[in-house]
Amino acid sequence: MKNSMVISKTSMKAWIEHLGKDFRLIGPKPFQDRYVFGEFHDAAEIDLNYPAAMLPLKKILLPQREDLIAFGKTNGKAEPVLENRPTIVLGAHTCDLHAIASLDHAFLEGYIDQHYRSRREHTLWISLECLEPCSEHAFCKDMGTLVTPDKFDLHLTDLGDDYVIDIGSERGAALLHGFDAVREAGEDDYRQFDQVMSQKWSCFPYRLEVDFTDIPRLLATNYRSVLWDELGERCLGCGACTLVCPTCFCFNVIDEVDFSLHEGKRYRTWDSCQLNEFALVAGGHDFRPSRAERLRHRFFHKYKNQVATSGLAACVGCGRCAEACIANITPMEVLNSLHRRRVASARHKQEASPQ
Amino acid sequence: MIAAQTSTLETASLYLPLEARILDMRPLTQLEKLYTIALPEGMSLNHRPGQFVEVSLFGIGEAPISICSSPSQSGNTFQLCVRRVGELTSALHRLEPGDSIGIRGPFGNGFPIERFRGKDMLFAPGGLGLAPARSLINQVLDERGFFGRVIILYGARHPSELLFTEELSKWEKRDDVELHVTVDRPDDNWKGNVGVITTLFQKIQVDAPNTIAVTVGPPVMYRFVLVELLGLGKGIREGNIWLSLERRMKCGVGKCGHCQMNHIYTCLDGPCFSYAQIRHVEEALS
């Protein structure tokens, strides 16, 4: 927290105007009784004191529909479509920032996905410190996402009348160049910052009964748990959990021909491992036919398999899936149930064994 | 339209296919056609046996298809055997020589043929599994001196569904290839073996420690063929039994998520696996 800057809330409108000259701006906008990340031009359109946006920031880097190739049916045209508008996302919560590291792993490791990379390289993040829990379902504290990740651009902390701005990258620092209404943070600011920060931690509850570093092992020993069948009975297989998930990246690719029948787009669209037929092959074999198997696959991918391949859990504890699930299946319930059953079974064994 | 390039994988987008041309196509059965394909500007596919390409037609879609020609016989062309099962493959069947198709690849790991050299080769493909197996069989036959015995056990449901019949009769005539073919349901003209592929195993003796088995077929076939190959059958070591797994390899580059088996992307880490590699992977063979 050295070399931080301070901007007064009354100057935010001017800063946003300043940034809007060179960037497409995206921020949390009220929508019905919720919030969505959307394009805005004026500070009055957004509310930085928002709980959590309905859809996570993956919609900026991996939109629900993203054109990949523009093609001509008859003229042999085939051109990649790359999004390269300079963009600033203002107001990202730290859980959503952590999710980007997970998406980076999916799209920038191994073969590089140029479509994702182009959006990623052209987007800057002005994130926001969470000072109170945004949802009864969030377990960011358990997942270690309540603080900024190693890489960020600019990070704001609300000090009441001002925001203190932590500078995480050169690209972030450049967003303050040429804007006069910011000042260097002084001793009083740092003192106030420390006070606000040290008060926040106790506001956030731990919601997992198992330590998150222990989750891969918990799952490894519970592949055949009856819990999956029990959950499979409840799960409706609707895929809402994966759609609202900030780290879920599975997609389908679809061709669309326009009315002329000469030109068209090959685009990708969010897909879900929870949907029937996700693993169905042309020959007719479905490799994950039951809801129980598909739900287990989701949990294993999030909390074990991706940890093995990337070191990162594919979950940031934002709680969106829990909120979206109409069958009320939540990660807290699943992980805590497995943990409680493990504890109960260990106790049972201990009591049964002759000493 | 597409900038000059030297490798099929250097494109401005992972998802941008090269415009390839069909040089020849001919029916193998009612359902399968064999395509000979040339990449633009004399480019070579540089594939390994067991790899696949993503074949696409703009406006219809894209699907993973195994390369069925061996690198040794490919040069600047390669071959695909396409079964008509869906929208894309039906459209492919309606094309003519000279028509263009989109190709991305080659993708997947392929069989590690360099580790097979010096060994006896036992191939056990079933049905359409002969197509990917053929890329390896022909490579082995073109390097015949580097291998011991070559045994091919091939099963199809019906004589009319046998693929590559001309090649089968060539292999039949060779004295350095032991070929056994069976069909589940014979017709009036069929004079060969009758029964599922596992019935062919009793016809052969193998030197188990020195044998590599390669089996390619539908999931249900693996369950029974593995019994014949493992301890209770021929006694071939788990690491010497190779399979090619079918999954929905939609993107081919480990991004779209459809072909995941636990932590494995079939399209990147496979589709060729030894039984030792996957026997403990839940979801792989279940």
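Identify all residues within segment B:208-247 that are open to solvent by 20 Å² or more (accessible area, probe 1.4 Å), within 13 Å of chain A (Cβ to nearest Cβ) and touching a residue at least 12 places away in the same chain (Cβ under 8 Å); write none if there are none.
Within segment B:208-247, B:P218, B:P219, B:M221, B:R223, B:E246 meet the criteria.
Just checking, how many residues over segment A:285-295 are within 30 Å of B:E32 (Cα to Cα) and either hydrophobic (A, V, I, L, M, F, W, C) or open to solvent by 50 Å² or more (accessible area, probe 1.4 Å) (or both)?
Qualifying residue count, segment A:285-295: 3.
Here is a check on your reading of the model: is B:P27 in contact (Cβ under 8 Å) with a residue 60 or more places away in the chain and either within 20 Å of the chain's Cα centre (by Cα) or not assigned by TED's automatic domain parsing to the domain that holds B:T266 (or both)?
No: the conditions fail for B:P27.
If you go through segment B:255-283, how many residues are facing chain A (nearest Cβ under 9 Å), in a loop (DSSP other than H, G, I, E, B) and either within 20 Å of the chain's Cα centre (by Cα) or crowded, with 22+ Cβ neighbours inside 10 Å (or both)?
Residues that pass the stated criteria total 5.
On the basis of being outside the structural domain of B:A91 (by TED's automatic domain parsing), β-branched (V, I, T) and on the phi < 0 side of the Ramachandran plot, does B:T8 make the cut?
In short, yes.
Give segment B:45-104 a look and list any residue that's assigned to a loop (DSSP other than H, G, I, E, B), of a type in the set (D, E, K, R) and in contact (Cβ under 8 Å) with a residue 24 or more places away in the chain, or say none.
Within segment B:45-104, B:R48, B:R84, B:E96, B:D99 meet the criteria.
Please specify each residue of segment A:102-131 satisfying the condition of being outside any loop (DSSP other than H, G, I, E, B), open to solvent by less than 20 Å² (accessible area, probe 1.4 Å) and not β-branched (V, I, T).
A:S102, A:L103, A:A106, A:F107, A:H115, A:Y116, A:S118, A:L124, A:W125, A:S127, A:L128, listed by residue number.
May I ask you to list the residues in segment A:296-355 that are in contact (Cβ under 8 Å) with a residue 60 or more places away in the chain, surrounded by fewer than 17 Cβ atoms within 10 Å (Cβ to Cβ) and of a type in the set (K, R)?
Within segment A:296-355, A:R340, A:R341 qualify.
Looking only at segment A:52-82, which residues are farther than 20 Å from A:K29 by Cβ, modelled with pLDDT under 95 and in contact with a Pro (Cβ under 9 Å, 6 or more places away or on another chain)?
A:A78
Just the residues that are hydrophobic (A, V, I, L, M, F, W, C) and in a loop (DSSP other than H, G, I, E, B), please, taken from segment B:161-177.
Correct list: B:L162, B:L163, B:F164, B:V177.
Applying the selection to segment A:46-73, what residues are more than 14 Å from chain B (Cβ to nearest Cβ) and closer than 19 Å to A:P86 by Cβ?
Of everything in segment A:46-73, those that are more than 14 Å from chain B (Cβ to nearest Cβ) and closer than 19 Å to A:P86 by Cβ turn out to be A:I46, A:L57, A:K59, A:I60, A:P63.
When you go through (1) over 21 Å from the mean Cα position of the chain (by Cα); (2) farther than 20 Å from A:G319 by Cβ one by one for A:Q32, which number turns out not to apply?
The failed condition is (2).
Which strands (runs of 3 or more DSSP E) sit wholly inside segment B:178-253 and have at least 1 residues that are farther than 30 Å from B:C267 by Cβ?
Hits in segment B:178-253: B:178-183.
From the list A:D158, A:D153, exactly one residue is in contact with a Lys or Arg (Cβ under 7 Å, 6 or more places away or on another chain) and either open to solvent by 10 Å² or more (accessible area, probe 1.4 Å) or within 20 Å of A:P56 (Cα to Cα) (or both). Which is it?
Just one listed residue meets the conditions, A:D153.
Does B:S74 meet the test of being within 11 Å of another protein chain (Cβ to nearest Cβ) and crowded, with 16+ Cβ neighbours inside 10 Å?
no
Could you please give the count of residues in segment A:23-51 that are out of contact with any strand residue (DSSP E or B) (no Cβ under 9 Å at 6 or more places or on another chain), in contact (Cβ under 8 Å) with a residue 12 or more places away in the chain and part of a loop (DSSP other than H, G, I, E, B)?
Number satisfying all stated conditions: 1.
Could you say which residue among A:R224, A:R266, A:R288 is over 25 Å from the mean Cα position of the chain (by Cα), within 13 Å of chain B (Cβ to nearest Cβ) and over 30 Å from B:L57 (Cβ atoms)?
The match here is A:R224.
Out of the residues in segment A:140-180 that are at pLDDT below 95 and of a type in the set (F, W, Y), which is nearest to A:E17 (Cα to Cα)?
Going through the qualifying residues, I end up with A:F179.
Tell me, which residue of segment B:77-118 that is basic (K, R) and over 25 Å from B:V214 (Cβ atoms) is surrounded by the fewest Cβ atoms within 10 Å (Cβ to Cβ)?
B:R94
The values are calculated or read from the model by the stated rules, or taken from the named source; none is laboratory data. A quick note: this is a predicted structure, and the numbers were derived from the prediction, not measured. Cβ: placed from backbone, ideal geometry, glycine included. Neighbour counts: every protein chain shown. Keep in mind that these areas ignore ligands, DNA and RNA; they rest on the heavy atoms of the full protein, side chains included. Shrake-Rupley method; radii C 1.70, N 1.55, O 1.52, S 1.80 Å.
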